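Report on one structure; see the data block that follows.
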Amino acid sequence: MNKILTIAIPTYNRKEKLLRTLKIIVPQITEEIKLLILDNNSSYDIFEITNEIPLIDKVNIEIKKNIVNIGGNANIARCFEYTDTEWMWLLGDDDIPTENSVKIIMHDLKNKKLDDICMVKYSSTIDTISKDEEILGLEKLIDYLSIKEPQKGFGNFLFISNSLYNIKKLKNFTLYGYQYTNAYLPHLAILFFYLNKNKMDGILFLESFLITVEDDRDVYSSITVGLGILNSTKNMFFDISIESEKKMRKLFTLFTNNYRNNFVQLSSKVEKDKNYYRNMLLYFYKESSYEYSLIQKIEFHILYFIFDKPLLMKKISKFSKKFKQAIEQKEINLYERI
């Protein structure tokens, strides 16, 4: 029987979480589905993981281990390269599928009208999609993501584990995923460049949930992601209107336009290289497409002034719990998912 769907799981050194995910997903897999695990050169033997999963011998599974760690974003792009079915579910190794996630997916693939659809996006705890809706074209997609609470909408869109991709349509655009690995959105780079060339295709947004997300999951630092997106998307040029271009740039600066959050994260690093992180704080502020009010501008410049002045920071911390937390914390552990 021809396979319809590949469940592609990029992974690196999270054996226990990967096992948890597989134990939920494997019993749901049918003969129409292939399981692909792309290991980014973990320190344990990824091939032995099959010995710990019940029913794994009943599943069409392929495991590939990279010779070296190529970085998490490149490993995501590699999922597009190695998938050979029409559709792919890109699933993070630490995200928890629902008990009926595969059933939901297969029902949608077989019953929804998907001729013009290159991606199916589901709800998540980041943002609940209010109604099933088809959005065609890059400009309309940008409008859709910009309308209501873009921080949630774009955050959910960036999230990998609640999306299906039409590999038959997107395969030849995989190079953009590799080209923009530093932007922390290789999967969206592939999508955006495809939609730029195929203006009548689009995204199907669905209310259903495929996964649950635990509170203590490993996450990217907003600073790490924001810096990557901010720098690497500057040379993304699309055939869209000036207004859509502005909206898109604003979406790309959502992770770095919160100068308070930037201050909290960066001020803990002053002891390492105060000028570097102080300049980074200013860079995020200047590059942001967010329109700050006069009061916000004044507040930012106060924070910028006191950034490398411990005595002033301590005084201000008496009036702000958030700033106090930043000052007392000597080092913030920014976990970079690889």
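The values are calculated or read from the model by the stated rules, or taken from the named source; none is laboratory data. These numbers were taken from a predicted model, which means no experiment stands behind them. FYI the Cβ positions are ideal-geometry reconstructions off the backbone, even for glycines, and counts take in every protein chain you see.
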Regarding Leu55, is this residue modelled with pLDDT under 95 and either out of contact with any Ser or Thr (no Cβ under 9 Å at 6 or more places or on another chain) or closer than 21 Å to Lys169 by Cβ (or both)? yes
Just to be sure before I move on: is Asn2 over 19 Å from Asn66 (Cβ atoms) and not in a helix (DSSP H, G or I) in the structure I sent? yes
Can you confirm whether Ser241 is surrounded by fewer than 17 Cβ atoms within 10 Å (Cβ to Cβ), within 18 Å of Leu141 (Cβ to Cβ) and among the hydroxyl-bearing types (Ser, Thr, Tyr)? yes
Answer residue from segment 145-178, given it is at pLDDT 95 or above, assigned to a helix (DSSP H, G or I) and hydroxyl-bearing (Ser, Thr, Tyr) and is surrounded by the fewest Cβ atoms within 10 Å (Cβ to Cβ) among those: Tyr178
Scan segment 279-295 and tell me whether some residue there is hydroxyl-bearing (Ser, Thr, Tyr) and at pLDDT below 85. yes
Pairs only if they're at least six apart or on different chains, beta carbon under 9 angstrom, first in segment 118-131 and free of Cβ contacts under 8 Å to residues at least 12 places away in the same chain, second among the hydroxyl-bearing types (Ser, Thr, Tyr) and part of a loop (DSSP other than H, G, I, E, B); list them, first residue then second. none
State which residue is nearest to Phe205 (Cα to Cα) when the search covers only segment 94-136 and only residues that are basic (Lys, Arg) and either more than 22 Å from the chain's Cα centre (by Cα) or assigned to a loop (DSSP other than H, G, I, E, B) (or both). Lys131
If a residue counts only when it is in contact with a Cys (Cβ under 8 Å, 6 or more places away or on another chain), which strands (runs of 3 or more DSSP E) contained entirely in segment 8-91 have at least 1 such residues? 33-39, 87-90
